[in-house]
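Enquirer: Once you've had a glance at the structure underneath, I'll fire off some questions.
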Amino acid sequence: MPTLATNGRKKMPHEGTEMNAPWIPPYLPQGTVYGTLLNFRREHALWASRMNEAPYQAPPQAPVLYIKTANTFTPSGHAIALPRGVAEVDVSATLGLVAGEGGTVAGAVLFNDVAIPHESYYRPPVKFRCVDGFLGVGRERVSFDTMGGWAGLGQRSLELRVHGVLKQTVALADLVRDAATLWADVNAFQTLRPGDVLMLGTDCLADGSRPRAKAGDAVEITAAGFKPLSNHFVQEPPDAGPPQVGRAPLGGSEYASAPSVGGTSL
């Protein structure tokens, strides 16, 4: 039944409070975004036999990190373009911890970490991971307290669907370094500044690969307490210029570890 609006006119049933709510812009990272490699037990086990081979000849002792540069950020609901000559890409569900003041965790965000498929973690070119648009970013930052702190975070599972078909479920209980340990270990050798993001890692499928997406596919990532993250994939126009690839620090490698605590990178 219609009610009276504040200006005296009749308020219709479809006029809810959502229509009058202030518009909130989608979240985008305001600092550096770090990814973590080999932080899920299944993939770590698949790589274990190769960790003692050259060039490192030992398993990594510290978190193995890489950077997603700012040119990769794509808000939820927007398209991600496949570069010319790339038929499909790896898509991976992950959760990123957003740094607050004084080394605290301000909240968490869903991410779709996109990469051109490659076989090795031994310092592959940045171009595999830091192509324009290759990081789908969730709509919102959910506060750390809302998630239930470290305990609540560890109980979360992420689901990745392609065209509505479930392709992967990622349980954060399967991390090698749980979220609290990873956060502490990284902060032990570098300061995460407010706005920086530390992604917890991505899991592989049983055969060591990751879910794939091609032009025309729609990918959705969901988790309890988060708005869905969705991106669709398109083919880059043939007349587009050369893709922009982010520049990584330290001599052009996208990978970094913690030399001060004996870390190696794969």
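Enquirer: Provide the per residue accessible area, probe 1.4 Å, for segment 52-199, rounded to a whole number of square angstrom.
Expert: For segment 52-199, the solvent-accessible area averages 40 Å² per residue.
Enquirer: Starting from the residue with the highest accessible area, list TYR66, TYR27 in decreasing order, probe 1.4 Å.
Expert: Putting TYR66, TYR27 in descending order of accessible area: TYR27, TYR66.
Enquirer: Now for a different question. Which chymotrypsin sites (Phe, Trp or Tyr not before Pro) in segment 111-202 pass both tests, a DSSP loop state and at most 14 other beta-carbon atoms within 10 Å?
Expert: TYR122
Enquirer: Would you grab the residues whose amide H sits under 5 Å from the one on ARG177? Only those 5+ places off in sequence or on another chain, please, with H modelled 1.01 Å from N.
Expert: Counting only residues 5 or more places away or on other chains, the set is empty.
The values are calculated or read from the model by the stated rules, or taken from the named source; none is laboratory data. Just so we're clear, the structure is a prediction, and the values are computed from it rather than from any experiment. Heads up, the Cβs are rebuilt from the backbone with ideal geometry, glycines too, and the neighbour counts pull from every protein chain shown. The accessibility values were calculated without ligands, DNA or RNA, using every heavy atom of the protein model including side chains. Shrake-Rupley method; radii C 1.70, N 1.55, O 1.52, S 1.80 Å.
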